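What follows is a single structure, written as C-alpha cells, with notes after it.
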Amino acid sequence: MPAPRPLTLIAELSYRCPLRCPYCSNPLEIGAAAYRDELATEDWSRAFRQAAELGVLQLALTGGEPMLRRDLPQLCAAARDAGLYSSLITAGTLFDEARAAELKRAGLDHVQISIQSPDPADNDRIAGNRSFEKKIAAAKLAKRLDFPLTINCVLHRQNLDRIDQILQLALELGAQRLELANTQYYGWAVPNQAALMPTRAQLEYGEAAVQRFRERVGPALDVLWVLPDYYEDLPKPCMGGWARTALVVAPNGDVFPCQAASTIPGLTFDNVRAHPLEWIWNESEAFTRFRGTDWMQEPCRTCPLGRQEQDFGGCRCQAMRLTGDAAATDPVCRFSPEHHRVLKAREAAPDGEFVYRTMRPIADGVR
Amino acid sequence: MTRPRLVTGARLHFDAVRSEHVLLVPEGIVRLNPTAVAVLELCDGERDMDAIVGALSERYAGADVSDDVRGMVDAMRDKGLVVDAGA
C-alpha cells in the first residue's frame, strides 16, 4: 500500500525562546549543540517546496519562538510561493508593529498567540517571563492588521480554574479560534507532570464551561478542546496516526513524525540537508516503523473494539515512556496491561513547583 | 445573510497534488465540490444573495438554484467559514 500523503508540516524554526513554560513540547535537550546548528533560509525554502509537492497544505511556523529568526519574512514568502497556508505560532512578545506588517506583506496567513493564564501575574509566573501585556498588545495588533487570530492556552491544574476568564478574554480580543490544549505529557511536561496534572473535577468543570460558551457565542469563535488523555480510557489517534498526516522538522533539519519522537531509542531520524522530504516520508526507517497497523502487538492486534484504524494504537512516545516499549499499546487504553500506570499518574503532587524550560544543562535527576 | 464573504483568513486553493479544490482556513482544510467552489467564489462581500443566486442561475442555464445556494451559504455560515459583510 502506498504511503498516505501528509497535510501538515510543523517547522520548528528555532528552539530559542524568551519564555520558559514548564510544559513546552520541545525536547529536554534543546540546549544541545546539534539543535543550535539551525537550517539556513534556503534549506527551509527547499523543504517547503518539497513538502508542497508531497501534498502538504498547512505550514506551522513554530519553535521555540519563531520570531527570533531574522529571516522570518523570507520564510513566509517562501511558504506562499510554495502554495502553503502559513500559521505563525508565537508567544507574541516580539510581535511589534514593524515586524508584523512585514510578515503580512510577505504573505503570512494566520497568527496564533499563546497565553499562559488570563491573570497577568499568573501568566508571567507560568511563562517564567514578564509577557502578559506584550501578548495582549500583540493580539490587538494582529487584529488591526486583519490577520485571523487564534489564541492558544495550554491547560493544567494551575490555570484550569480560570477557564471562564480564558474564554472571555479570547472573545474580547476578537479571536476567531481558541485552542484549549490540555497538557500532553511530552518534553518539559514530563518532569512537571505532577505539578501540571489536573483533577477530574477541574476537567469536568472546564468541559462544561466550554460547552456553555459554544452555545452562547456560536460559530464566531471556534473553541477547540484538546482532550486530556490521561483521563480517557481509550487512546487518542496521536498525530492522526504515525507518519500519516503530519511531519515535524526540528531547527537543525532532523525530520520527525511528531515533536516527541526523538525520545524513542533505536530510531534513526534523517535530515533535510541530506535527503529529499519525499524519501524521508515514504522510505526512511523512522517514518515506516510504525506506519499503518502491521507493527501492532497484542492487545492492539486483535483489538476487541476494532479500533486499529481509528486510534492507530495511540501514542508511540507515551507507550515508550510508560512501558519501555514503543511498540506497546498506549497505556491510556483500558485494554493495556500497563493501564494502571496512567491511573497512578493522575495522582497530583501537592507542591506544584515547576521545573522551568532552559537551554542550560538541566540538573541530574530531573527526568 | 445579506452580503456573504469568506471569513478572515480563508483562502480558496486548488490542491494540484490531489486534483481538488479546498478552502484553506487557520489550521484547517475543507474539501469542496465544484458547486461549493462556484458559490464561494461569488461570496466577495460585495454581491448580495440575490446577485449570487442570479449569477449561478445564469451559469446553470436558468435553473432555479435559489434554495440550494441559500442552504449552502447558511451551512457555511454555521461552520464559521462565511460571514456577513453587511452585518
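Derivation of every value follows stated rules applied to the coordinates shown; laboratory data play no part. On a predicted model such as this, the values are computed, not experimentally measured, just so you know. Counting neighbours? That spans all protein chains shown, and the Cβs are built from the backbone with ideal geometry, glycine included.
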Open item on the list: Looking only at residues that are within 14 Å of another protein chain (Cβ to nearest Cβ) and more than 16 Å from the chain's Cα centre (by Cα) in the stretch A:1-45, which one is surrounded by the most Cβ atoms within 10 Å (Cβ to Cβ)?
Closed with: A:Pro6
Open item on the list: Are there strands (runs of 3 or more DSSP E) fully within the stretch A:109-204 with at least 2 residues that are touching a strand residue (DSSP E or B) at 6+ places or on another chain (Cβ under 7 Å) and either among the charged types (D, E, K, R) or more than 30 Å from A:Asp81 (Cα to Cα) (or both)? List them.
Closed with: A:149-155, A:177-182
TODO: Please work out which residue is surrounded by the fewest Cβ atoms within 10 Å (Cβ to Cβ), limiting yourself to the stretch B:1-17 and to residues that are among the aliphatic types (A, V, I, L, M) and out of contact with any Gly (no Cβ under 7 Å at 6 or more places or on another chain).
DONE: B:Ala16
Task: Counted residues, the stretch A:82-129 - those being charged (D, E, K, R), farther than 20 Å from A:Pro148 by Cα and touching a residue at least 12 places away in the same chain (Cβ under 8 Å) - done: 2
TODO: Would you check which residues across the stretch A:221-246 are over 16 Å from the mean Cα position of the chain (by Cα), assigned to a loop (DSSP other than H, G, I, E, B) and within 14 Å of A:Cys333 (Cβ to Cβ) and list them?
DONE: A:Glu232, A:Asp233, A:Leu234, A:Pro235
- [ ] Being surrounded by 14 or more Cβ atoms within 10 Å (Cβ to Cβ) and either within 14 Å of chain A (Cβ to nearest Cβ) or more than 12 Å from the chain's Cα centre (by Cα) (or both) is the filter here, so list the residues in the stretch B:18-44 that pass it.
- [x] B:Glu20, B:His21, B:Val22, B:Leu23, B:Leu24, B:Val25, B:Pro26, B:Glu27, B:Gly28, B:Ile29, B:Val30, B:Leu32
Task: Sole exception among (1) part of a loop (DSSP other than H, G, I, E, B); (2) surrounded by 13 or more Cβ atoms within 10 Å (Cβ to Cβ); (3) polar (S, T, N, Q) for A:Ser262, by number - done: (1)
Open item on the list: Every residue in the stretch B:48-87 that is away from chain A (no Cβ under 14 Å) and under 21 Å from A:Ala220 (Cα atoms), please.
Closed with: B:Asp48, B:Met49, B:Arg70, B:Gly71, B:Met72, B:Gly86
Open item on the list: Can you say whether B:Thr2 is in a loop (DSSP other than H, G, I, E, B), within 8 Å of chain A (Cβ to nearest Cβ) and of a type in the set (S, T, N, Q), as far as the supplied structure shows?
Closed with: no
TODO: Name the one entry in A:Asp161, A:Asp122, A:Asp229 that is farther than 25 Å from B:Lys79 by Cα, buried (at least 17 other Cβ atoms within 10 Å of the Cβ) and acidic (Asp, Glu).
DONE: A:Asp229
